[in-house]
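Contents: one structure, followed by commentary.
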Amino acid sequence: MTVLPYIFFTVLQLLIIYSLMLAFRFLIKTILKSKPVQSRVLFYFNVFCYFIWIVFVLIKVSDSIGENSLFVAPVLLLLLVLMWDYLKNFFLGIIFSFQYGFLEGSYIVINNKQGKITAFSSSYFEILTGSGKRVKIKFKEVYNGRFEVFRGELNRIFRKIKLDTIENPSELKAKIMNHPLFLYNSTYKFSEEIDDNGTVWFSFYFNVFNYKEAKEINSFLNQILRAPV
């Protein structure tokens, strides 16, 4: 087949596949209109569409080169190298989707980043942090680090205390971390810092599940900070 007819049929096939995807998407939205399961079904349908596009591209690359395997193998290998980062995140995303299910609207803490999952793409998902910043998280980052998913929004506890008012910072840290409401799987930090005036501060932050637990652990902190530590 000559070049122009091949390009024509490739574009035609692409339009047919794209039209079918749009039709199925419209059908899903129509059938599941106003139903809570709609977002979940559309999410898995999008994953399936991404997979179809990858197969389509690989087949077309192979066909365009012809039947000469001496050329097919190097080109496919080059394509694999160029797309490796995307493909890695794409397939990890599929594993993540089937392993943890539909998580849009859930809260995630991952590698010192925390926020609400607002959208999924083929190779990453997006979170909205407490400060209103949108952050893209690639799926390889999920499996390369530590993460925890929560169905509700976490409440952050933060304190900053002059170091000279604390007799034993290590003991204070141990008391806080041994509290039953302390989340080891969440983001937390204990540190000492010096401000511009030379004052040394002992600061820490960590998360609890809800407002009720935040009130309880704040009362606990008020008690132990009033007592000699």
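Taking the conditions exactly as written (loosely packed, with under 15 Cβ neighbours inside 10 Å and either free of Cβ contacts under 8 Å to residues at least 40 places away in the same chain or outside the structural domain of Y44 (by TED's automatic domain parsing) (or both)), does G115 satisfy them or not?
Taking the combined requirement at face value, the residue does not satisfy it.
Which numbered condition in (1) touching a residue at least 40 places away in the same chain (Cβ under 8 Å); (2) outside any helix (DSSP H, G or I) is the only one that E193 fails?
(1)
Find all pairs meeting these conditions: Cβ atoms under 7 angstrom apart; at least six residues apart or on different chains; first residue within the range 11-36 and without any contact (Cβ under 8 Å) to a residue 60 or more places away in the chain and surrounded by 10 or more Cβ atoms within 10 Å (Cβ to Cβ); second residue among the polar types (S, T, N, Q) and in a helix (DSSP H, G or I).
K29/Q38; L32/Q38
In this structure, is I65 touching a helix residue (DSSP H, G or I) at 6+ places or on another chain (Cβ under 6 Å), over 30 Å from T187 (Cα atoms) and either modelled with pLDDT under 80 or surrounded by 11 or more Cβ atoms within 10 Å (Cβ to Cβ) (or both)?
yes
Of all the strands (runs of 3 or more DSSP E) wholly in the range 119-171, which have at least 2 residues that are at pLDDT 85 or above?
124-128, 134-138, 155-162
Each row is one residue, and each column tells you yes or no for (1) within 15 Å of I157 (Cα to Cα); (2) at pLDDT below 85.
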{"position": "M177", "(1), (2)": "yes, no"}
{"position": "L181", "(1), (2)": "yes, yes"}
{"position": "Y184", "(1), (2)": "yes, yes"}
{"position": "Y188", "(1), (2)": "yes, yes"}
{"position": "V200", "(1), (2)": "no, no"}
{"position": "V208", "(1), (2)": "yes, yes"}
{"position": "A214", "(1), (2)": "yes, yes"}
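Select from the range 87-106 the residues that are exposed (fewer than 14 other Cβ atoms within 10 Å of the Cβ) and either part of a helix (DSSP H, G or I) or among the hydroxyl-bearing types (S, T, Y) (or both) and list them in ascending order.
Scanning the range 87-106 gives I95, F98, Q99, Y100.
The values are calculated or read from the model by the stated rules, or taken from the named source; none is laboratory data. Treat the numbers as computed from the prediction; the structure is a model and nothing was measured. Positions of Cβ are generated from backbone atoms using ideal geometry, with glycine treated the same way; all protein chains shown enter the neighbour counts.
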